[in-house]
Amino acid sequence: MRQYAKITPEGTKDYVFEECEARGAAQAALTGVFESHGYAPVMTPYLEYYDVFHRPSADWLTEKLYSVTDSRGRLLVMRPDNTLPIARVASARLQYEDMPMRLYYHQSVFRRSRFYAGHSDEYLQCGVELLGAQGLRADLEILQCAVDALRACGVRNFRVELGHAGFFKALADTVSMSEDLRAELIQCIESKNCPALEELLCRIGNTGETGALRALPRLFGGEETLKQARALCGLPAAHEALDSLAALYDCLRALDLQEHVDIDLGLVHGQRYYTGFVFRGYIEGSGISVLSGGRYDALLAEFGRPAAAVGFAVALEPLAELLLEQGKIPKRAPAEVMVFGAAGFEAAALKHLRGLNEQGLRCEYAPFESLEQAAQYAKRKGIPRLDVMDAHGLSQSAV
């Protein structure tokens, strides 16, 4: 039987040395941004009941979930999303907290990917949720916080794509289709797969709204995109979504961010809990989105506490890789002192090491039986000083 004891599961990765330090540095930078905006930390379990994610507003397919059962046979999943568990916490343990509530997290999510797809099954996300705040001011705060998060991690060249869940919903709700067909439609629009989209829409029929749906993958660009969309569709709900995007875009222009922002009305987002603007962020050198989020005003009501909400999540891995590429994570330096205790002086050596630590020195305790072994190890590791405790007391020497 094949043994798997020395390999990582598909879709996972080990991190060592500077890789760990880069992730820690990126996480610390993001924490600084989140706390400077008034957000407080929250943590949820790796395991959640399946019911947290099995709901009409969340499109988590069963085959994407890692599942187990508890001791009573109840179905649990490793969280594939951070927003839904935080909505649960806000409606349960934090149900009496004043709104608006600002929360941030650093947590992994777990999603099964297709074989050989080249995607990770475990993602470390850092994000914020602004609960109980609606309107332009809250949307603008979230976008500014997202931009600050990227910049804090050394990102200078980035793009933010803005869409609106309400625009797609206004069009799709006029067309009679099954939930499966709707999911296929979203996938085709998101991936900008125009031939497959055309095939789907031909099955639905030709109307003004299907014509607008057909154009969604190409509705991408600057402010002119909103004008093009208005000409394609006269539905009041669709125009309301476009008005909301126009106001947000004007504010971003006032913040001198227009050169980083594009309108993308083909940005639909797979999760149906989004109700307002949605966005994704990209950085130079990475083909995947490094942040995503938007407004989800109906989700908390599903957990028993109706409230508006908006937030975003950042994928930590690409930001950590960027810090490494930029040389901002120095190679780990060796210890400054190695401490060796001769036979009978092991405790005295450890006590000496503790004193050096209190002075701020980084030290290694020599686990070797002989002084020669300790000295050879210190030389190989580049440790410049060797302290020895023996019957003659303390002696120090350069290595």
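The values are calculated or read from the model by the stated rules, or taken from the named source; none is laboratory data. The model shown is predicted, which means the values in this text are computed figures rather than measured ones. Backbone-built Cβ (ideal geometry, glycine too); neighbour counts: all protein chains shown. When the accessible area is computed, the model is the full protein with side chains, heavy atoms only, and any ligands, DNA or RNA have been set aside. Shrake-Rupley method; radii C 1.70, N 1.55, O 1.52, S 1.80 Å.
Values for this structure:
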| read-out | value |
| --- | --- |
| Matching residues, region 123-153, being closer than 19 Å to GLY24 by Cα and open to solvent by 10 Å² or more (accessible area, probe 1.4 Å) | TYR123, LEU124, GLN125, ASP148, ARG151, ALA152 |
| Sole exception among (1) touching a helix residue (DSSP H, G or I) at 6+ places or on another chain (Cβ under 9 Å); (2) modelled with pLDDT of 95 or more; (3) open to solvent by less than 80 Å² (accessible area, probe 1.4 Å) for MET78, by number | (1) |
| Qualifying positions in region 184-227 - assigned to a helix (DSSP H, G or I), touching a residue at least 12 places away in the same chain (Cβ under 8 Å) and open to solvent by 60 Å² or more (accessible area, probe 1.4 Å) | GLU184, GLN187, GLU198, ARG203, ARG218 |
| Filter result for THR62 (touching a Pro at 6+ places or on another chain (Cβ under 8 Å) and β-branched (Val, Ile, Thr)) | no |
| Every residue from region 245-264 that is under 20 Å from ILE283 (Cα atoms) and open to solvent by 40 Å² or more (accessible area, probe 1.4 Å) | ARG253, LEU255, ASP256, GLN258, GLU259 |
| Failed item, numbered, when THR62 is tested on (1) among the polar types (S, T, N, Q); (2) more than 25 Å from CYS153 (Cα to Cα); (3) open to solvent by less than 60 Å² (accessible area, probe 1.4 Å) | (3) |
| Strands (runs of 3 or more DSSP E) enclosed by region 329-399 - at least 2 residues per element that are in contact (Cβ under 8 Å) with a residue 24 or more places away in the chain | 337-341, 363-365, 385-390 |
| Top-ranked residue of region 287-321 - restricted to ones that are of a type in the set (Val, Ile, Thr) and more than 18 Å from ASP264 (Cα to Cα), ranked as farthest from the chain's Cα centre (by Cα) | VAL310 |
| Conditions (1) at positive phi; (2) touching a Pro at 6+ places or on another chain (Cβ under 7 Å); number of the one not met by VAL109 | (1) |
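Yes/no per residue for (1) outside any strand (DSSP E or B); (2) open to solvent by 60 Å² or more (accessible area, probe 1.4 Å); (3) modelled with pLDDT under 95:
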| site | (1), (2), (3) |
| --- | --- |
| ALA29 | yes, no, no |
| VAL33 | yes, no, no |
| GLY38 | yes, no, no |
| THR44 | yes, no, no |
| GLU48 | no, no, no |
| ASP51 | yes, yes, yes |
| VAL68 | no, yes, yes |
